[in-house]
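Everything below concerns the one structure shown next.
The values are calculated or read from the model by the stated rules, or taken from the named source; none is laboratory data. The shown structure was predicted, so the numbers you read here are calculated from the model rather than taken from an experiment. Heads up, the Cβs are rebuilt from the backbone with ideal geometry, glycines too, and the neighbour counts pull from every protein chain shown.
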């Protein structure tokens, strides 16, 4: 599989071609045409553990409403747009909003430090719902759709695991 990865960070923008080739239970990785000695595993939902040139990284991945991804590793944060060159380029004219009742889950283990809404509140797509602190970083969890907060299952100060249901938006 070949992907174009467009990264945007405080240090600037860059574009890379990433190729993944299945090799038994792992993948061979090539970055901009050069083989990269990497070992990649899914450590938790929305968290990837990567050993790259002998150095270990834990990368937290949070999808955004516009189809991009927020990547966080240590103190570094990136916005990534991953494109499959075989895909039709016109399909992403506007991000689609989630439909139906949506459960809001913790993307990583941490502690709920702030509730930004109450049960019964009407919210917009992309509006912050809950702030979870993980690895000394605050992560705002946003609504995937316009709707009403049906139920909040999280409480301030509560420890959560990756995948725990925090709220429902209908």
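Couple of notes before you dig in:
- Strands (runs of 3 or more DSSP E) contained entirely in region 1-63, each with at least 2 residues that are surrounded by 13 or more Cβ atoms within 10 Å (Cβ to Cβ): 2-9, 12-23, 26-31, 38-44, 47-52, 55-63
- Of the residues making up region 161-170, those that are touching a strand residue (DSSP E or B) at 6+ places or on another chain (Cβ under 6 Å) and surrounded by 15 or more Cβ atoms within 10 Å (Cβ to Cβ) number 5.
- Scanning region 107-142 for residues that are part of a loop (DSSP other than H, G, I, E, B) and more than 15 Å from the chain's Cα centre (by Cα) turns up 116, 117, 118, 119, 120, 121, 124, 125, 127, 135, 136.
- Of all residues in region 123-146, those being on the phi > 0 side of the Ramachandran plot and touching a strand residue (DSSP E or B) at 6+ places or on another chain (Cβ under 7 Å) number 1.
- Residue match in region 68-75 (condition: modelled with pLDDT under 80, outside any loop (DSSP other than H, G, I, E, B) and either loosely packed, with under 15 Cβ neighbours inside 10 Å or touching a strand residue (DSSP E or B) at 6+ places or on another chain (Cβ under 9 Å) (or both)): no
- Any hit, region 80-95, residues being at pLDDT 80 or above and either over 20 Å from residue 1 (Cα atoms) or not assigned by TED's automatic domain parsing to the domain that holds residue 139 (or both): yes
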